[in-house]
Amino acid sequence: MLRVGLTGGIATGKSFCLKRFARLGVPVIDADRIAREVVAPGSAALESIRARFGSSIIAADGNLNRGALAGIVFTDRAARADLESIIHPEVYRRINDWFANQRPGTRFAIADIPLLFETGHEHDFDSVIVCACEPFEQLRRLMERDGLSEDDARARLAAQWPIAEKIARADHVIRTDGTYEATDTLVHDVFDALTSEA
């Protein structure tokens, strides 16, 4: 079975593409969803985050206050590295378990991992798909989607590799600048290519 990583930059259409692959019958998993589970109230990871960043990043209901934490880690590289060292090992462990438990005969499965290249895990995968759009479009989407100021959106983009670097390392690229229909066509093309590789 091919282990496929799907990545890209923030607001480049990864979730849209992952859903399209799922509709084609491909087993998929989302690292962001796992990361949210890893820091659930009462988890060891959440306690480690509290110990590192203080109780101000815990909301009244006991959940992680993502906005408060984002305000810290997107302006402080060392803080971001500390956060990632708490969360990423468990996320990758769960992803590896998920791949190992796919049904016999599965030709390929896809894990959506936004920071695949940044964490140095691209070599864990047989093939890497990068979802990409122009940087100005990425900025526009991020500001619109998350209600961020331009400065805050640029800080989040700066925390990831430039999309051009990810494209250069990709086995497959899905451009999401165009219409949904155009992106669908590219998803189908990559699906066909992976089916052939498998």
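Where a number appears in this text, it was derived from the coordinates with a stated rule and is not lab data. These figures come from a predicted structure and were not determined experimentally. No Cβ is skipped: glycine too gets one built from the backbone with ideal geometry, and neighbour counts run over all protein chains shown.
Restricting the calculation to Cα positions, tell me the Rg (one decimal) and the Dmax (whole number) of the range 33-101 in Å.
Every Cα atom of the range 33-101 included, Rg and Dmax give 12.4, 38 Å.
Fewest Cβ neighbours within 10 Å first, please rank E197, E90 accordingly.
E197, E90
Trypsin sites (Lys or Arg not before Pro), restricted to the range 159-198: which are DSSP loop and have at most 10 other Cβ atoms within 10 Å?
Here no loop site has a sparse enough neighbourhood.
Which of (1) 17.7; (2) 16.7; (3) 18.2 is the computed Kirkwood radius over Cα pairs in Å for the structure on display?
Step by step, Kirkwood radius over Cα pairs in Å for this structure corresponds to label (1).
So how much slack lies between A68 and S15, counting 0.36 nm per residue of separation and subtracting their Cα-Cα distance, in nm?
Computed gain between A68 and S15 is 16.7 nm.
Remind me, relative contact order of the range 1-148 in percent, using alpha carbon pairs under 8 angstrom and six or more residues apart?
The normalised contact order for the range 1-148 reaches 52 percent.
Considering amide H positions built from the backbone, and no H for Pro or chain starts, which residues 5 or more places from I58, or on another chain, come under 5 Å of its amide H?
N65
Considering Cα pairs under 8 angstrom that are at least six residues apart, work out the relative contact order of the range 33-101 and quote it in whole percent.
34
Based on the alpha-carbon gyration tensor of the range 90-132 and its eigenvalue square roots a ≥ b ≥ c, which shape applies: rounded if a/c is under 1.5, prolate if not and a/b is larger than b/c, or oblate?
Because a/c hits 1.5 or more and a/b fails to exceed b/c, the range 90-132 counts as oblate.
How do Y180, Y92 line up, fewest other C-beta atoms within 10 Å first?
Listed from fewest to most nearby Cβ atoms, that is Y180, Y92.
Determine, for each peptide in 28-37, 106-115, the mean count of other beta carbons within 10 angstrom over its residues, then list the peptides with the highest first.
106-115, 28-37
Would you please put 13-19, 150-156, 82-88 in order of how densely packed they are, using the mean number of other Cβ atoms within 10 angstrom per residue and starting with the highest?
Going from most to least packed, we get 13-19, 82-88, 150-156.
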